[in-house]
Amino acid sequence: MKTIIEPFRIKSVEPIRMTTREEREQCIREAYYNLFTLQSDDVLIDLLTDSGTSSMSARQWGALMTGDESYAGSPSFYRFKSAVKNLMPFKYLIPTHQGRAAESILFTVVANETHSIPNNTHFDTTRANVESQGAEAVDLVIEEGRNPETEHPFKGNMDIAALERFIEERGVENIPLCMLTITNNSGGGQPVSMENIRQTREVCDRYGIPLFIDACRFAENAWFIKMREPGYQDTPVVDIVRETFSYADGCTMSAKKDGLANIGGWLAMNNEEWAVECRNRLILTEGFSTYGGLSGRDLEAIAVGLEEVVDEDYLNYRIASTQYVATHFDEIGVPIMKPAGGHAVYIDARRFLPHIPPLQYPGQSLAVELYKEGGIRGCEIGTAMFGLRPDGKEEPAHMDLVRLAIPRRMYTQAHMDYVIEVVDQVFTNRENLRGMKFVRQPKALRHFTGRFDYVDH
Ligand code: F0G
């Protein structure tokens, strides 16, 4: 059959509050044109993030009831541990309340102001955690990964030659570890090939540098390898996942993505000395080593989520639904980052709104209009988010994108048809969209709490 169906039935539903354009215009005005400030009840289709927004399965809800809340040595921890080890066989496993807590502990222990950390592209919390130790976060994704229009099956790949050059120039002693983010979220949710993971490992081995994987979307990455990389078509996803992690010395993980859970994460590694220090740090900041910042029931939900996320019918549906949206956008001429990523479709707002200069935040203007027109909440990833430099000067970000992230197992194809129709409508009226300005902004992370208005108000 050509039609790929959602491989689940829906047993429990949440109503969507329908709103009119007039109501939404008022809501967004009262939120100072910042989508993070909206109440989510006022949103029809929430594509702000795929993080922590997954629908849990009946099995996960059932598992919650078996959660054991013992402070130390809970059986829920051991079930969680065995589910993680089944996919990522690292020696030491440290649960945390989410991904950034794992990053914070890791970099507090391994990085200092003399250090640099290479990565294909650091996610913003990863970068912030590296930089908060005074270390430098360096992005070395391949050239194709920096251009939204170039087609390449693995646009998240590390530039191997650039990595070697960087290590030679910077000096091995200044690089405590190298990272690979799968899939490459900040670069458009693009996958990394097994060949590239292997080559990155080879370079790291040559210089004796440990390789850590930012594993948030490991299952989606494995599915892309199965679909696109020669030699993997008949390999079960579970084996692709195991091979991926066999090349690494450790990982950080947010269970809010491919853990199919609403909270959780972990740090895992083989280095005993680091693990001991990380555990001590965990106890100081998160909680005892058999629960991290989580309750026993959260650990149970993650354990089941890890079994479900490598199900191939699920992954087939998951990636097909993202591609469905991207293909339709392409057909109606909406410029997007190509090819579609795993968890999100990224609209190229700079090409969508060529009459709005980057310093008037075309991404923000588009994101606001998608909300006004159809109650869709996406997220600007562009000059509003990245344009402000630490010295207070402003410059255009590399790209101006609007990310429509698709929560796992939450929306149906009809919801996506609605999203396509709304984007089509806004595209038809694009010449009427206006540039925006900040009317109030904090010194850092201004996109979360800043206030906007239209330039010609
Ligand atoms: N690494 C990557 C690649 C991520 O995408 C995220 C979160 C994190 C680390 C941090 O994990 O949120 O559990 O602390 N990404 C979310 C997003 C927030 O919307 O893309 P966390």
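The values are calculated or read from the model by the stated rules, or taken from the named source; none is laboratory data. Values in this document were obtained by computation on a predicted structure and should not be read as measured data. Note that we place each Cβ from the backbone using ideal geometry, even for glycine, and neighbour counts take in every protein chain shown.
Overview of values
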item	result
Qualifying positions in region 252-284 - in contact with a helix residue (DSSP H, G or I) (Cβ under 7 Å, 6 or more places away or on another chain) and assigned to a helix (DSSP H, G or I)	274, 277, 278, 281, 282
Candidate set from region 90-111 (those that are outside any helix (DSSP H, G or I) and within 9 Å of the ligand (Cβ to nearest atom)); member that is nearest to the chain's Cα centre (by Cα)	98
Residue list for region 257-292, restricted to those being within 11 Å of the ligand (Cβ to nearest atom) and either surrounded by fewer than 23 Cβ atoms within 10 Å (Cβ to Cβ) or outside the structural domain of residue 192 (by TED's automatic domain parsing) (or both)	262, 263
Of all residues making up region 79-124, the number that are under 30 Å from residue 63 (Cα atoms) and free of Cβ contacts under 8 Å to residues at least 40 places away in the same chain	2
Residue within region 229-248 that is within 16 Å of the ligand (Cβ to nearest atom), over 30 Å from residue 54 (Cα atoms) and touching a residue at least 40 places away in the same chain (Cβ under 8 Å) present	no
Test for residue 222: is it assigned by TED's automatic domain parsing to the domain that holds residue 81 and either within 14 Å of the ligand (Cβ to nearest atom) or more than 18 Å from residue 315 (Cα to Cα) (or both)	no
Matching residues in region 330-339 - criterion: being surrounded by 16 or more Cβ atoms within 10 Å (Cβ to Cβ), in a loop (DSSP other than H, G, I, E, B) and not charged (D, E, K, R)	334, 335, 337, 339
Subset of region 442-457 [part of a helix (DSSP H, G or I) and either acidic (Asp, Glu) or in contact with a Leu (Cβ under 7 Å, 6 or more places away or on another chain) (or both)]	446
Hey, residue 415 closer than 28 Å to residue 184 by Cα and surrounded by 20 or more Cβ atoms within 10 Å (Cβ to Cβ) or not	no
Among (1) more than 16 Å from the ligand (Cβ to nearest atom); (2) touching a residue at least 60 places away in the same chain (Cβ under 8 Å) - the single one residue 9 does not satisfy	(2)
Every residue from region 75-95 that is out of contact with any Phe, Trp or Tyr (no Cβ under 6 Å at 6 or more places or on another chain) and closer than 16 Å to residue 297 by Cα	75, 76, 77, 78, 79, 80, 81, 82, 83, 84
Flag if residue 294 is farther than 27 Å from residue 108 by Cβ, part of a loop (DSSP other than H, G, I, E, B) and within 24 Å of the chain's Cα centre (by Cα)	no
Check on residue 302, outside the structural domain of residue 406 (by TED's automatic domain parsing), touching a residue at least 60 places away in the same chain (Cβ under 8 Å), under 21 Å from the mean Cα position of the chain (by Cα) and crowded, with 23+ Cβ neighbours inside 10 Å	yes
Qualifying residue in region 73-89 (condition: among the small types (Gly, Ala, Ser), surrounded by 17 or more Cβ atoms within 10 Å (Cβ to Cβ), under 22 Å from the mean Cα position of the chain (by Cα) and within 24 Å of residue 405 (Cα to Cα))	no
Residue among 322, 327 that alone is within 19 Å of the chain's Cα centre (by Cα) and at pLDDT 95 or above	322
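For every residue, the table says whether it meets (1) of a type in the set (Ser, Thr, Tyr); (2) outside any loop (DSSP other than H, G, I, E, B); (3) more than 16 Å from the ligand (Cβ to nearest atom).
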residue: 5; (1), (2), (3): no, no, yes
residue: 19; (1), (2), (3): yes, no, yes
residue: 33; (1), (2), (3): yes, no, yes
residue: 36; (1), (2), (3): no, yes, no
residue: 49; (1), (2), (3): yes, no, no
residue: 53; (1), (2), (3): yes, no, no
